[in-house]
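In what follows, a single structure is set out as structure tokens and then discussed.
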């Protein structure tokens, strides 16, 4: 098992390219189950969740080739089973996105209840309620969701919350349904729009993606796609915070400011100079951060996936900041580890009061989930002395070669065997 070792206190400077968005690539990979035509996906991040998805598609009978780095060619013409097994689904919640495409194309699906980071309850009831509205017969049997329907029918669906996963599952399923489907209170994330763009290239009829109302007119069959994955806005935000927390000057290439509006406002309010530059976003900081309150919310609000990273910055800010987490109830597991590094944080249910310190001290810490792990990396970059981060397999689920990228910016960071 690996660990990340950081000797902190170095100023980061330079340019770094953001990889493709894992959270956009995953539904795009599952969308290939909707067609028997080959699909080419470009700018695919080489992270653990992508590798798990490749294995799952191959287990179902599809083929996956990698003709060049970060490009996959997928062919699901040979899919001969409609079961997504526990041994793969248990490690990655996004695997539940096989349900809609398999059901829409084959009329049946058997998918294990999902796993992933233990950051809180993320029930799949919203997915299932929407598919039931489209005519699916659904049962939960021995830890599996089993769904059947001769052909899904278009429906009027109001989501009880703007769930990203449910929006993606229902959007994909509706493309092959009979008639029209209207999804209200849909998720609005850029990853939803990216999925809709690829589905449209496959021949789907979709309007309103990126808004709270999406309308889909079902078609009889879909073709393939040749599609580039959008840049990972969470990785972009992570590198911008890395610049701010180390009093650095970093330009993130491939970044889009329109995907990070509220986050960029908060980072600017903390005192950093954040500006769009040709081909990306630049962050410059030359003074201690100012305390800023944040509240996580569905897009376009402050991303829950950047809450832990922003908290690391607030641990060194001048003043007291309040971090309110409204999406996942267990997403403060990084707090105890930050306290081990000298942070002053008090939890009140879904709120954290962070009193900024002048400095943090390196310490042995343990990653508890994907975003918590990179939060500890950021804290280690700014801390005095050495930080060792254990259980970095969480980090590898969502960040490709992050230690190499940070090292190129001037960080003293390396991976070692634990």
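The values are calculated or read from the model by the stated rules, or taken from the named source; none is laboratory data. These numbers were taken from a predicted model, which means no experiment stands behind them. Counting neighbours? That spans all protein chains shown, and the Cβs are built from the backbone with ideal geometry, glycine included.
Among the residues of region 44-61, is any under 21 Å from residue 152 (Cβ atoms) and in contact (Cβ under 8 Å) with a residue 24 or more places away in the chain?
Looking for residues that are under 21 Å from residue 152 (Cβ atoms) and in contact (Cβ under 8 Å) with a residue 24 or more places away in the chain, one finds at least one in region 44-61, hence yes.
Yes/no matrix, rows are residues, columns are (1) under 24 Å from residue 325 (Cβ atoms); (2) touching a helix residue (DSSP H, G or I) at 6+ places or on another chain (Cβ under 7 Å):
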position	(1), (2)
229	no, yes
247	no, no
270	yes, yes
276	no, yes
286	no, no
293	yes, no
306	yes, yes
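Look at region 197-240 and say how many of its residues are in contact (Cβ under 8 Å) with a residue 60 or more places away in the chain, within 21 Å of residue 156 (Cα to Cα) and assigned to a strand (DSSP E or B).
2
Could you list, in sequence order, all residues of region 6-31 that are surrounded by 24 or more Cβ atoms within 10 Å (Cβ to Cβ) and out of contact with any helix residue (DSSP H, G or I) (no Cβ under 7 Å at 6 or more places or on another chain)?
The one that is surrounded by 24 or more Cβ atoms within 10 Å (Cβ to Cβ) and out of contact with any helix residue (DSSP H, G or I) (no Cβ under 7 Å at 6 or more places or on another chain): 20.
Could you say whether any residue in region 256-276 is at positive phi and either in the same structural domain as residue 376 (by TED's automatic domain parsing) or surrounded by fewer than 18 Cβ atoms within 10 Å (Cβ to Cβ) (or both)?
Within region 256-276, one or more residues are at positive phi and either in the same structural domain as residue 376 (by TED's automatic domain parsing) or surrounded by fewer than 18 Cβ atoms within 10 Å (Cβ to Cβ) (or both).
Give the residue, chosen from 182, 188, that is touching a residue at least 24 places away in the same chain (Cβ under 8 Å), surrounded by fewer than 24 Cβ atoms within 10 Å (Cβ to Cβ), assigned by TED's automatic domain parsing to the domain that holds residue 94 and not in a strand (DSSP E or B).
Result of the check over 182, 188: 188.
Do you know which of the residues in region 241-269 that are part of a loop (DSSP other than H, G, I, E, B) and within 24 Å of the chain's Cα centre (by Cα) is nearest to residue 310 (Cα to Cα)?
The residue in question is 260.
Counting residues that are modelled with pLDDT of 95 or more and within 23 Å of residue 395 (Cα to Cα), which helices (runs of 4 or more DSSP H) fully inside region 14-109 reach at least 1?
22-31, 48-60
Would you pick out the residues in region 150-176 that are over 19 Å from residue 296 (Cβ atoms) and either touching a helix residue (DSSP H, G or I) at 6+ places or on another chain (Cβ under 6 Å) or buried (at least 24 other Cβ atoms within 10 Å of the Cβ) (or both)?
Residues satisfying the conditions are 152, 155, 157, 168, 169, 170, 171, 172, 173, 174, 175, 176.
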